[in-house]
Amino acid sequence: MSLFGVDIAKVDQAVASLFATPAPVAKPSRSKRQRLEAESLAAAAEDEDDLELSEEVEEQEEETNQVSKDSKKRKKRAAQLDEDDDEEDAAAEDRYLQKLLDEESKSKKKKSKKEKKSAKQEEVAAEVEEAVEDKSDGSDSDDSEDEQDSDSKDVKLFDATGAAMVHESLLDDKDQLDKAKRTIFIGNLANNVISSKTEYGKLKKHFAQYGKIESIRFRSVAFSEMLPRKVAFIKHKLHEKRHAVNAYIVFETEDAARKSLAANSTVLLDRHIRVDSVAHPAKQDAKRSVFIGNLDFEAEEEQLWEHFSKVGDVEYVRIVRDSKTNVGKGFAYVQFKDSMYVAKALLLNDTKMGTRKLRVTRARNIPAKTTARPLAKPTARVLDPDTKASLNRTKKVVGKAERAKISSYLEGERSSVGGPVSLKSGVRKKSEKKPRIRARSTAFKKNLKEGKPTPGKAAEGQKKKTGAEKK
C-alpha cells in the first residue's frame, strides 16, 4: 500500500496513524513545566523586542533632536551672518555718505577760497585803479606810495644774512647774469654726497677754502624707482649702477668762483672731478682732445680717467648722457693738458675697457648747424580786367623783347570778366627743340634700309642720261 507514491511500511507508524484515522488530530499534551518555560521564553523574547524597539525609538529621538539642534544652530549662524552683512552694508553706506560729505565740504572750502581770492583780486584791482586815478589827478600820491611800500615790506622774505630772498623766476636778466658769474659746475662727483652728511661736509669744506658758499644744488641724479624726483631724492632711492652726479655751487663773490676753477682735475672723494664756470665755460680744444666710441652705456668717467691717464695728464673727461635717464649714449671726449698726448692716445685704439673695444679717433670741431633762410616765394599779383586787357593789347604793339617780358607776368589762362587775375613772376621755361620730321627724310631713311636708290642719286642718274642723249 502506498500513500502519495510512498510505501506505508517504510513510514513511521505514528505519522501514518495521523493520516489513517478520519478523526481530527489531537493536540499533544505538554507538561506544566514545559508550558512555563515556553511562556518565559516568549516573555523574554517580547521583552527583548520591546527593548530593541525602545532603543530604536530613543536613537530616532536622539537623531531628531540632533537634527533639530543642528538646524537651530544653522539658523542662528545664518541670522548672525545676515546681521553681520547688514552691519557691513550699513558701515559701507556710512563710509560712502561720509566721503560724500567730506567731498562736499572740500568743494565748499575750495569755492570759498576761490571766492576770497577773487574778492582780494577785485580789491587789489580797485586799489590799483584808485591809485592810477589818484596819480592822474595828482592828489594823494604820497599816501598811495606809502601804502604800496608797506604792502611790499610785508610780502618780502629775508634769509639768515638779512638779504631779501627772491625766487629765480622773478630775477631780472642782470641778476641772473650776476648769479651765473658766481656759479661753478662740478662733474663726476660721488653720489654718496647726497645720502651721507660726512661726505657732504667734505665737499663743502673742499670748496669753502676758495670763498663763502651760498648754495649747493645736485643734478643728473639717477634713481632706482619711478617716483617723482623730489620724493626719490628725499628717500635716497639712488640707482645702484650709477655712482656719479653733477653739482652746482653758488659762491657769494665772483672772485671765489674764479679761484675755485683751480680745483679742476683734482681728486675729491676718490674721484677726479671736473670744474667749469657757468657764465664762461671753457671751450673744447679739438687739438688736445680725442673722441671715444663704442663705449659701454654704463661706463663712468673714472674708468676713462684710469684708462687714459697712462698716456698723459688728462684735463677732463666728458661722457655724453641722456638728459632724462642719465644713461650714457655710447661715446665720450677726453681732453689732455697738452696736444702731444693725442698721438699717444690714438695708439689705444681697439684696446679693451671692460668688455668692449674702444674706438679712439681725433676730435673734430663740428660747425653749428645754420638753418638756411628759405627763398621768398613769388607773390601773385592780382590785376583788374582792364589792366590785363591793356597788357594784351600792348603785346600786339611792342617788339619781341617787350612781348616776352609781358608774357612772363601773365598766366596762360583766359581771363573772365569780373574775376581776379593772378600773375606769375619769373622766366618762362624754354621748350625743348625737337627734330623736324618730314616725308622727305622718312622716305630717304626707308630707301637706305631697303637698298633702293635715294631720291638724290636717282636725280643725278637722270641728269647723266639726259646729257648723254643730248650729245
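The values are calculated or read from the model by the stated rules, or taken from the named source; none is laboratory data. Note that the coordinates shown come from a computational prediction; the quantities given were computed from them, not determined experimentally. For neighbour counting, all protein chains shown are included, and Cβ atoms are generated from backbone atoms with ideal geometry for every residue, glycine included. Just so you know, the surface numbers come from the protein's heavy atoms only, side chains and all, with ligands and any DNA or RNA stripped out. Shrake-Rupley method; radii C 1.70, N 1.55, O 1.52, S 1.80 Å.
Going through Ala262, Ala282 one at a time, which residue ends up being exposed (fewer than 12 other Cβ atoms within 10 Å of the Cβ), closer than 30 Å to Leu346 by Cβ and of a type in the set (Gly, Ala, Ser)? Break it down into steps so the answer makes sense when it comes.
Numbers: Ala282 fails: exposed (fewer than 12 other Cβ atoms within 10 Å of the Cβ).
Result of the check over Ala262, Ala282: Ala262.
Name, by its number, the condition in (1) at pLDDT below 85; (2) in a loop (DSSP other than H, G, I, E, B); (3) open to solvent by 90 Å² or more (accessible area, probe 1.4 Å) that does not hold for Ser415.
The single condition Ser415 does not satisfy is (3).
For the stretch 270-292, indicate whether the set of residues that are among the aromatic types (Phe, Trp, Tyr) and modelled with pLDDT under 95 is non-empty.
Looking through the stretch 270-292, none of the residues is among the aromatic types (Phe, Trp, Tyr) and modelled with pLDDT under 95.
Quick check: is even one residue across the stretch 258-267 in contact with a Leu (Cβ under 9 Å, 6 or more places away or on another chain) and either free of Cβ contacts under 8 Å to residues at least 24 places away in the same chain or not polar (S, T, N, Q) (or both)?
Within the stretch 258-267, not a single residue is in contact with a Leu (Cβ under 9 Å, 6 or more places away or on another chain) and either free of Cβ contacts under 8 Å to residues at least 24 places away in the same chain or not polar (S, T, N, Q) (or both).
Look at the stretch 176-229 and say how many of its residues are of a type in the set (Ser, Thr, Tyr) and in contact (Cβ under 8 Å) with a residue 60 or more places away in the chain.
Step one: list which residues in the stretch 176-229 are of a type in the set (Ser, Thr, Tyr), which gives 183, 195-196, 198, 200, 210, 215, 220, 224.
Okay, now just the ones that are also in contact (Cβ under 8 Å) with a residue 60 or more places away in the chain, so 183, 220.
Counting residues in the stretch 176-229 that are of a type in the set (Ser, Thr, Tyr) and in contact (Cβ under 8 Å) with a residue 60 or more places away in the chain gives 2.
So which residues in the stretch 195-219 are under 28 Å from the mean Cα position of the chain (by Cα), under 23 Å from Lys179 (Cβ atoms) and open to solvent by 40 Å² or more (accessible area, probe 1.4 Å)?
Result: Arg217, Arg219.
Inside the stretch 292-311, can you point out the residues that are in contact with a helix residue (DSSP H, G or I) (Cβ under 7 Å, 6 or more places away or on another chain) and open to solvent by 10 Å² or more (accessible area, probe 1.4 Å)?
Hit for the stretch 292-311 is Val311, nothing else.
Tell me which of these Val245 doesn't satisfy, since it passes every other one: (1) without any contact (Cβ under 8 Å) to a residue 24 or more places away in the chain; (2) under 23 Å from Val278 (Cβ atoms); (3) among the β-branched types (Val, Ile, Thr).
Among (1) without any contact (Cβ under 8 Å) to a residue 24 or more places away in the chain; (2) under 23 Å from Val278 (Cβ atoms); (3) among the β-branched types (Val, Ile, Thr), Val245 violates only (1).
Would you be able to say whether some residue in the stretch 193-211 is in contact with a Ser or Thr (Cβ under 8 Å, 6 or more places away or on another chain), part of a loop (DSSP other than H, G, I, E, B) and either among the basic types (Lys, Arg) or under 21 Å from Val327 (Cβ atoms) (or both)?
Taking every residue of the stretch 193-211 in turn, none turns out to be in contact with a Ser or Thr (Cβ under 8 Å, 6 or more places away or on another chain), part of a loop (DSSP other than H, G, I, E, B) and either among the basic types (Lys, Arg) or under 21 Å from Val327 (Cβ atoms) (or both).
Mind checking which residues of the stretch 227-271 are among the aromatic types (Phe, Trp, Tyr) and part of a helix (DSSP H, G or I)? I'd like the intermediate steps shown before the answer.
Let us first name the residues in the stretch 227-271 that are among the aromatic types (Phe, Trp, Tyr), namely 233, 248, 251.
Matches in the stretch 227-271: Phe233 only.
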